[in-house]
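For reference, the structure is listed below as structure tokens.
The values are calculated or read from the model by the stated rules, or taken from the named source; none is laboratory data. This is a predicted model, so every value here is computed, not measured. Cβ atoms come from the backbone with ideal geometry, glycine included; neighbour counts cover every protein chain shown.
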């Protein structure tokens, strides 16, 4: 799981729900310094990674994980929408069955 800040509160919620986090990586807010998170998370060879961060750091994380040989599916909780992440990923973000990432929207767009 890649997340900017708040790891203890997350661990408490997961323990209460009886979920186990295999690895937890963090990234400093407003940066794309994901190397430490990639190393820590790639060590457990995950099938899936849940990311909660800005699209730029998520895109860099996906790129570096793929470069490290990861076959994980990447799940992103987005507050900006999927287009920004797809644009940041470039050709890796093209819609295809093999893209291996998906996102959920944390806040739907307001339609007046």
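Listed by first and then second residue, the pairs with beta-carbon distance under 6 Å, at least 6 apart or on different chains, first residue in the range 42-58 and surrounded by fewer than 19 Cβ atoms within 10 Å (Cβ to Cβ), second not in a loop (DSSP other than H, G, I, E, B), are 48/73; 50/75; 52/3; 52/77; 56/88. For the residues 37, 68, the requirement of being at pLDDT 90 or above, over 18 Å from residue 84 (Cα atoms) and touching a strand residue (DSSP E or B) at 6+ places or on another chain (Cβ under 8 Å) singles out 37. For residue 97, the criteria (1) surrounded by 12 or more Cβ atoms within 10 Å (Cβ to Cβ); (2) at pLDDT below 70; (3) not in a helix (DSSP H, G or I) hold in every case but one, which is (1).
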